[in-house]
Amino acid sequence: MFLSIGVCHPLVIKMEYKWGLKSWWIWLAAGLVFSAISLIVPNDLLSIIIGGFAFCCFWGIGEMFMQEKRVLRGWFPENPARHEYYEKRRHILS
């Protein structure tokens, strides 16, 4: 589980930086795929590990939205190519 968390969190940061919130559906699709695989795998231990990774993918959806808030607060760098988007979001939130 720690390995999957360690992989997913940096991916959330990089995906938000490159594509913004538009990429949340990738986490949903990955979570659904890994959930289905965990139900099919006959080995219980492997099924639990894959299910844990599916949970991390679903958790990544929420983290994607939280990451945008962190960027808007200035805690993480914003993508200069998407500066206008961030300015609109800051204006809406203030």
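Data for the structure
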item	result
Helical contribution to [θ] at 222 nm, DSSP H n ≥ 4, -39,500 (n - 2.57), averaged over the chain, rounded to 500	-27500 deg cm²/dmol
Ratio Rg/Rh, restricted to the chain and using Cα atoms, in which Rh is the Kirkwood radius	1.10
Distance between modelled label sites at Y17 and R82, nm, 7 Å Cα→Cβ extension	1.2
Angle in degrees between helix 83-93 and the longest Cα principal axis of the chain, rounded to the nearest 10	90
Cα long-axis angle, helix 2-19 against the chain (0 to 90 degrees, to the nearest 10)	40
Gaussian network model of the chain, Cα within-10 Å springs - most flexible of I50, I40, I26	I40
Candidates V41, V12, V71, ranked by Gaussian network fluctuation over the chain, Cα under 10 Å, top entry	V41
Loop GluC sites (Glu not before Pro), segment 20-94 (other Cβ atoms within 10 Å of the site Cβ: 11 or fewer; DSSP)	none
Debye intensity ratio I(q)/I(0), log10, segment 12-59, q values 0.20, 0.25, 0.30 Å⁻¹ (C-alpha model)	-0.62, -0.80, -0.98
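No value in this document is a laboratory result; all are computed from the given coordinates. Note that the structure is predicted; figures quoted are calculated from it, not measured. Positions of Cβ are generated from backbone atoms using ideal geometry, with glycine treated the same way; all protein chains shown enter the neighbour counts.
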